[in-house]
Amino acid sequence: MAKSRGFDIRHQRGFTPIALLCFVLLYMPIIILVVYSFNAGQSIAIWEGFSLRWYQAAWENEQVQDATIRSLVVAGAASFIATSAAVLAALATTRTPPYRGSTFVFAMINQPLMVPEIVTAVALLIFFAMIKVATGYTGLWYLILAHSAFCIPFAYMPIRARLQGMDLSLEQAGADLYGTPWRVFRKITLPQLWPGVLAGAMLAFVISLDDVVITEFVKSAGQDTLPTYMLGQLRRVITPEVNAISTVLLAISVILVMAFFVLSRSKK
Amino acid sequence: MIEVTNVTKTFGSGADAFTALKEVSVTIRQNEFFTLLGPSGCGKTTLLRTIAGFIDPTSGSLSLEGRDILGDPPYLRPVNTVFQNYALFPHMTVAQNVGFGLEMLDKPRSEVQATVREMLELVKMTQLADRQTSEISGGQQQRVALARALAPKPKVLLLDEPLSALDFKLRKEMQIELKRLQSETGITFVFVTHDQEEALTMSDRIAVMNEGRILQIGGPRDIYDHPAERFVADFIGDTNFVEGTIRAIDGEAAEVELPSGKTVASRRQEGGPQAGAVTIAVRPEHATLQAGEGLLSGTLSNIVYFGTDTHYHITLDDGHAFVIRRQNQPDARESYAVGDAVGVSFAPGVAQVLRD
C-alpha cells in the first residue's frame, strides 16, 4: 500500500457516518439488553428503575445453577479435548516436510467451520441415537464430544499461527543438543507455544459456552446448558432474568476474548 | 575423522529441482580448524547441515570416526552446531541454555553444574549466568551459543557463519577467541563463512566451494598463493589474469609463453592443463614494476595511494589491465608518473596456471 498520498478510505465521503452507523447497529441491541437487565420491573421493554433483583433471581434459580454448571463442565472438557487435538493437528501441519495432500488435511481440520451447523447437529443426533440404542449410555459425554468436534478449528487456528511464527532453528538446536523429539517438544516447543495453547483453549471455551444449535439437537432430557435453558425460557415468560444471564455470559466472553487478543499479540 | 564421500543433495523435483551439492567429497581431520568458504548459495551451509543431520543427502555417504552416521538423527550425532542466529532458547537463562545438552544426555546434576561453570568461564560469561538471553548483547549471545555447543564436549563443532551478525570490531575479537577455544578444547571445528579474510586468518585448512562443488582444499597460504581455478583466484584476494600458452611442462612446473612473446616459469596443479591456451594468475603484490621493458609491457594509467601500500594500474600493450601493489617505505618519493611506459615482471614459479 502506498504510504503517503495513496488510497485512504478515511477520506472517502460518508466514511465516518457509515462506520458510526455500523457500530451503533452492532452494539445498540446489546447495550439495551444490558441496560434492561438492571430493570426493577417485570418488563424487558419498560424501564421502571434500577435494581439487581434479576441477577439475584437468576443466582437463586436452581435451574439456572444447574445449567450453568453443566455449561461450564461441557465447555471446560470440550475445550481441553479440542485444544489437545488442535496442538497435535497444528504440529502435524507445520512441523512436517511438505507432503502431498497437506491442503486437503488442512481443509479437513477446518471442516466444522464450513459445514452448516444444522447439518452437523442433525448428523450427530442420528449418530448418537444409534450409539444410545446400542449402549444405553445417555450421559454428558455426547455433548462434550460434540462440542469438542466443532471447537477444534477454533483452537487450531491460534496454535497453528503461533507455531508458524516460531523460529524453527530453536527446535533444531534442541535436537542438535541431544534432545529426542518428545523432549524437544516438552522443553522447547511447548513452553513457547503456551500463549497460543491458552488462546486456543479460551476461544474454544467461549465457542462451546455459546452454542445452541448442536446442543439443542444432541442433549438428552434434562441436559440443558445455559443457552438452551434461556431459549426454553423465551418460549414462556420473558423477564429481565434472561437479560441478566446474558449480561453475565457477555462479560465472561468479553474477558476471555480480550485475554485471547493479549495472548496472541505477545508473540512479538 | 569426518569422511564425506560423493554427497549429492537435490532439493525439489522436476523443473524446480535445485542441486545444492554435487558429488562432494572431503576428509576433515581430527583437531583441525576446517573452513568451508564460498559465496552464498554455493552449498557450504547445506554441507554443514548434512553433517549435523538436518539434511538427508540424496546420495553419498558420511562417516564420523569410521562409523556411518547418515542414518542417525541429529540427537544421536556427537556433533554440535553454533547457529547463524545463535538460536538461544528465549525461555531459559544463560546457564540453562549452556546446560541443555548435558541435561538431554541425562548427566548427573553436579556434573551439569560443574561443566556449565567451566564453559561460562571459558567464554568469560560467568557474571551473566542467570540473565535471560534477551538481556544480553549480540556478542554475549554469541559466546553463550558457543558455550552451549561446546558443553557436551562434541567430537565436532559446526559453526554456521557465527560471526556474520557481529560488528567489525567484535568480529575481529571473536575470530581470535574462536581460535583460542579451538586450541584449548582440542575439538574439531568446521566453520562456514563467505568472508575470505576470516577463512584465511582462522583456518588450518580451507575448502573453497562454488555451485555445489568443492573446487580446492588446502591451507590458507596454499589456497592464496596457489589457486587452482579461476574462481578460487578471483574469490580470494585480488588477482591479475594473463592469457598465455603452455610451451612445456614438467610435473608442477610449466613454461608459459606470455602475450609479449616472452616465456616465464609458472606453477601448475596436478591434473591441470597440459598444453594449449591457458590463463595464469599473478597476485598484485607478487609482481614488480620497473621502468622500461619487463616480462609484460604497458603504460601506467593510474597510481592510487593507500597509506600502507600503493596500487599501480597498468594498461598492457594488448589492452588488458594489470595491477601491482607495492608496500610504501617511509619518506619515499613517488618515482613513477601516469603515462610512463613500464614493465611488469614476476619471479619464476609465482604465476599460477589455472584450471578453467
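Taken together, the values in this text are just the output of simple stated rules run on the coordinates, not laboratory data. In this text the structure is predicted, and so the values were computed from the model without any measurement. Neighbour counts run over all protein chains shown; Cβ positions are idealised from the backbone, glycine included.
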> Can you give the translational diffusion coefficient of the protein assembly as shown in µm²/s, computed by Stokes-Einstein from the Kirkwood radius over Cα pairs at 10 °C and 1.306 mPa s?
Replying inline: 51 µm²/s
>> What is the angle, in °, between the Cα long axis of helix A:62-94 and the longest principal axis of the Cα atoms in chain A? Nearest 10 is fine, range 0 to 90.
In response: 20 degrees
> Where does chain A land at 222 nm, in deg cm²/dmol rounded to the nearest 500, when only DSSP H runs of n ≥ 4 count, each adding -39500 (n - 2.57), divided by all residues?
Replying inline: -23500 deg cm²/dmol
>> Are there any chymotrypsin sites (Phe, Trp or Tyr not before Pro) in region B:264-322 that are in a DSSP loop and have at most 15 other Cβ atoms within 10 Å? List them by number.
In response: B:F306
>> What distance in nm lies between label points placed 7 Å from Cα along the C-beta direction at A:L25 and A:V119?
In response: 2.8 nm
> Based solely on its DSSP helices, what 222 nm [θ] is calculated for chain B when runs of n ≥ 4 H residues each add -39,500 (n - 2.57) and the sum is averaged over all residues, nearest 500 deg cm²/dmol?
Replying inline: -7000 deg cm²/dmol
> Stretch A:S84-A:V237 to full length: gain in nm at 0.36 nm per residue minus the Cα-Cα span?
Replying inline: 51.0 nm
> Once label points are set 7 Å from the Cα along Cα→Cβ at both A:V73 and A:L91, what is their separation, rounded to one decimal in nm?
Replying inline: 3.0 nm
> Based on Cβ point charges of +1 for Lys and Arg and -1 for Asp and Glu, what charge dipole magnitude is obtained for chain A about its Cα centre, in debye rounded to the nearest 20?
Replying inline: 1040 debye
> So, in nm, how far is label B:E252 from label A:M130 when the simple model puts each one 7 Å beyond its Cα toward the Cβ?
Replying inline: 8.2 nm
> Of B:K44/B:K107; B:K107/B:K172; B:K124/B:K153; B:K22/B:K155; B:K9/B:K169, which pairs sit farther than 29 Å apart, going by alpha carbon to alpha carbon?
Replying inline: B:K44/B:K107; B:K107/B:K172; B:K9/B:K169
>> Charges on Cβ only, +1 for Lys and Arg, -1 for Asp and Glu, centred on the Cα centroid of the protein assembly as shown; of B:T126, A:H147, B:G237, which one is farthest towards the dipole's positive end?
In response: A:H147
> When each pair of different Cα atoms in chain B is counted once in the 1/r mean, what is the Kirkwood radius in angstroms, to one decimal?
Replying inline: 23.0 Å
> Just counting partner chain Cβ atoms within 10 Å, what average do the residues of peptide A:190-203 show around their Cβ?
Replying inline: 1
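Roughly what % of DSSP beta bridges within the protein assembly as shown run antiparallel, to the nearest 5?
Of all bridge pairs located within the protein assembly as shown, approximately 75 percent are antiparallel.
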> Once Lys and Arg get +1 and Asp and Glu get -1 on their Cβ, which of B:L146, B:Y75, B:S59 lies farthest toward the positive end of the dipole of region B:2-225?
Replying inline: B:L146
> For region A:63-265, what size does the Cα cloud have along each of its three principal axes, sorted from largest down, in whole Å?
Replying inline: 65, 40, 26
>> Take chain A, mark every one of the chymotrypsin sites (Phe, Trp or Tyr not before Pro) that falls in a DSSP loop and has at most 14 other Cβ within 10 Å, then report the longest stretch left between them, sites excluded.
In response: A:138-268
>> Cross-link candidates for B:K262: which aspartates and glutamates have Cα within less than 15 Å, leaving aside residues fewer than 8 places away along the same chain?
In response: B:E243, B:E293, B:D317, B:D318
>> Tell me which of B:N302, B:T10, B:L316 sits at the most positive position along the dipole axis of chain B, charges placed on C-beta atoms (Lys, Arg +1; Asp, Glu -1).
In response: B:T10
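Kindly state, to the nearest 0.05, the FRET efficiency for B:T58 paired with B:T126, given R0 = 35 Å and r defined as their beta-carbon distance.
0.20
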> Convex hull over the Cα atoms of region B:260-353, averaged projected area in nm²?
Replying inline: 6.7 nm²
> Relative to the Cα centre, what is the charge dipole magnitude of region B:238-353, using +1 at the beta carbon of each Lys and Arg, -1 at the beta carbon of each Asp and Glu, and rounding to the nearest 20 debye?
Replying inline: 80 debye
>> Rounded to the nearest 20 debye, what is the charge dipole size of the protein assembly as shown about its Cα centre when +1 sits on each Lys and Arg Cβ and -1 on each Asp and Glu Cβ?
In response: 1880 debye
> Around B:V156, which amide H atoms from residues at least 5 apart in sequence, or from another chain, sit under 5 Å from its own amide H, with H modelled in the peptide plane?
Replying inline: B:N80
> Taking the Cβ-Cβ separation of B:R67 and A:W194 as r and a Förster radius of 45 Å, what is the calculated FRET efficiency to the nearest 0.05?
Replying inline: 0.70
> Quick one: if the Förster radius is 56 Å, what FRET efficiency do B:Q113 and B:E23 give, using the C-beta to C-beta distance and rounding to 0.05?
Replying inline: 0.75
